[in-house]
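Trainee: One structure follows; several queries about it will come next.
The values are calculated or read from the model by the stated rules, or taken from the named source; none is laboratory data. Small disclaimer: the values here were computed from a predicted structure and weren't measured. When we count neighbours, we look across all protein chains shown, and the Cβ atoms used for this are built from the backbone with ideal geometry, even at glycine. SASA here: full protein model, heavy atoms, side chains in, ligands and nucleic acids out. Shrake-Rupley method; radii C 1.70, N 1.55, O 1.52, S 1.80 Å.
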Amino acid sequence: MTVLGVDCGGTNIKMALVKNNGDIAERALEPVNFRRPAARAIADIAGRILKFKSRMGLSRIPKIGMGIAGEVDSARGLVRFSPNLGWKNVPLKALLAKKLKSSIHIENDANCAAWGAFCLDSKRDCNNLICLTLGTGVGGGIILNKKLYTGSTGSAGEIGHMTIQHDGRRCGCGNRGCLESLVGAWGLIQTAKEGLRRGRAPILKKMLKEEKLSPKLIEAAARKNEPFSKKIWADAGECLGAALSNLANIFNPDRVVLCGGVSKAGSLLLKPALQALQMRAFETPVKAMKVTVSKYDEKLGVVGAALLTLE
Ligand SMILES: [Zn+2]
């Protein structure tokens, strides 16, 4: 059986025909402008899906699993709130169903990534897995007893909005000191900008002449031994470690899988994170918890979205 997985990013959609073992038969990446009224963006998404269907020579559209950033009510097919897309109470499933004759399931994108990590990274070989998507923002998904945990209202898993510093920087959600504001790409860039303003990051400043400010550039400056850039990663790692220790103590998972652009910083982020985790959390859950960076980063969302429809 093949399912069409769709992962909606901020500027494009990833589509893939996914087999029930998680293998991808065909895939495509199409640009979609989300910065306009939701109904128009959704009509565009439907058009891209129809184009993919005819390019693949399919007689009909297979079952669709779609992941999207924001608070999603899967049962009603509603995107309740998506600060990234600027959507509020958008009936995504109904609007798509009008254009596409197919069964559609929508889910929060980080929940899809978690399901993807459960199926691909852990080969379903564990009971409890938590996935953290470290991108511009920080998303989370929780698998408990081999099932996606969505909470009472479908809102569970917002690990990026776990308060780490009660009086910290203001987050996009309105709260202060969320994990996302400290470890997400946006937060790292804000910290770097503060250092640049105070003249504390000369190596980074020099590199900015060639490339724009990004976690990748802060990583490069840290690898050139700039103290300020190294400290950005050490601090971010400690914040991530604090979050991991909360997860270890609360959920006692077998696995935590990290993915997303920021996770590419590797040991710069992971070493301080694992140190903080060991210092803060109870010994037994830490020993039982394996923290890894996903091998399947690019396809977790799209594969997870597709395979969730088979559950
Ligand atoms: Zn927040």
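Trainee: Return the subset of Lys93/Lys123; Lys123/Lys290; Lys264/Lys299; Lys51/Lys299; Lys123/Lys287 for which the Cα-Cα distance in this structure is over 19 Å, preserving the input order.
Mentor: Numbers: Lys93/Lys123 30 Å; Lys123/Lys290 14 Å; Lys264/Lys299 15 Å; Lys51/Lys299 21 Å; Lys123/Lys287 21 Å.
In this structure, Lys93/Lys123; Lys51/Lys299; Lys123/Lys287 lie more than 19 Å apart at Cα.
Trainee: Ok, one more. May I ask you to evaluate 6.51 cos²θ - 1.76 cosθ + 1.60, the Karplus curve with θ = phi - 60°, for each residue of region 255-263 and list the ³J(HN,Hα) values in order in whole Hz, giving x for glycine and proline?
Mentor: 9, 10, 10, 9, 8, x, x, 5, 5
Trainee: Which residue fluctuates most in the GNM of the chain (Cα springs below 10 Å): Ala222, Ala185, Ala25?
Mentor: The residue with the greatest mean-square fluctuation here is Ala25.
Trainee: Within 15 Å, Cβ to Cβ, of Asn12, how many net charges do the neighbouring residues add up to if Lys/Arg are +1 and Asp/Glu are -1? Can you show the working numbers first?
Mentor: Working: positive: Lys14, Arg27, Arg35, Arg36, Arg48, Lys51, Lys299; negative: Asp7, Glu30, Asp44, Asp109, Glu298.
Computed value for this residue: +2.
Trainee: Defining a contact as two alpha carbons under 8 Å apart and six or more residues distant in sequence, what relative contact order in percent does region 168-311 show?
Mentor: Across region 168-311, relative contact order equals 20 percent.
Trainee: Using a 1.4 Å probe on the protein heavy atoms, what percent of the accessible area of the chain belongs to carbon and sulfur?
Mentor: Using a 1.4 Å probe with all protein chains present, the chain comes out at 51 percent carbon and sulfur.
Trainee: Moving on to the next point. How would you rank 8-17, 297-306, highest first, on the average number of other Cβ atoms within 10 Å across their residues?
Mentor: Values: 8-17: 20.0, 297-306: 27.7.
Going by the mean number of other Cβ atoms within 10 Å, highest first, we get 297-306, 8-17.
Trainee: Report the equivalent ellipsoid semi-axes for the chain in whole Å, largest first, defined as the square roots of five times the eigenvalues of the gyration tensor built from alpha carbon atoms.
Mentor: With the √(5λ) rule applied to the chain, the semi-axes are 33, 23, 18 Å.
Trainee: A further question follows. Suppose all protein chains stay in the model; what accessible area per residue would a 1.4 Å probe give for the chain, in Å²?
Mentor: 47
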